[in-house]
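The structure under discussion appears below in the form of structure tokens.
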Amino acid sequence: QETIGEDMAVLVQSHAAALDQQIERTRQILQGIADNAPERAFENPDQAQAYLTHYAPLLALFDLGLYMANPDEIILGAQLRGMQQARKRIGGKTSASDLNWRAREQRRTLISQPYASPSCDGCPAIAMVTPVFHADGRFLGYVAGALRLDGENMLAAINDVRVGKTGY
């Protein structure tokens, strides 16, 4: 029994390490989007939307969308699976004010606690928020990505992991 317990601990640790690596790669992708964002995209919704359109293939990772918001947390661009849904979000306020504020203060990408997303009728989700600063230090806004915890994205493989007879 002791050996089985040790084997299960190793299995859980290995899956946790794989998940950490996937999340880190996803964070790096979001950071790349933020690093390459043109300054004007944080001022002009048309520019923000045009910029995010280039990243539509990343909806395989960020299955609840990619967003750009100005310093006032107004969404200027949204890349979602449905453009009608995206248009509804543009011009609205982000729903992650505390996370946005902390990301801005810490000047780094932060990952939210799991939450019930209104974008998918309360499905479990997380958001990643990256603050964007100009080279002169001025704060430009945010780039964010949201992922379903039960979606068909990088986290989906974790849903199928079972440890022991009952899956725990």
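Brief remarks on what is shown
- Karplus (6.51, -1.76, 1.60) ³J(HN,Hα), θ = phi - 60°, over region 129-143, in Hz, Gly and Pro reported as x: 10, 10, x, 10, 10, 6, 4, 7, x, 5, 7, 9, x, 10, 10
- Counted residue by residue at 0.36 nm each, then reduced by the alpha carbon distance between them, the extension gain from Asp98 to Thr3 reaches 29.8 nm.
- Built amide H within the under 5 Å cut-off of Gly65, gap 5+: Ala146
- For Cys123, residues with placed amide H under 5 Å, excluding near neighbours: Ser117
Readers should treat all values here as calculations from the given coordinates under stated rules, not as data from a laboratory. Please read all numbers here as calculations on a predicted model, not as lab measurements.
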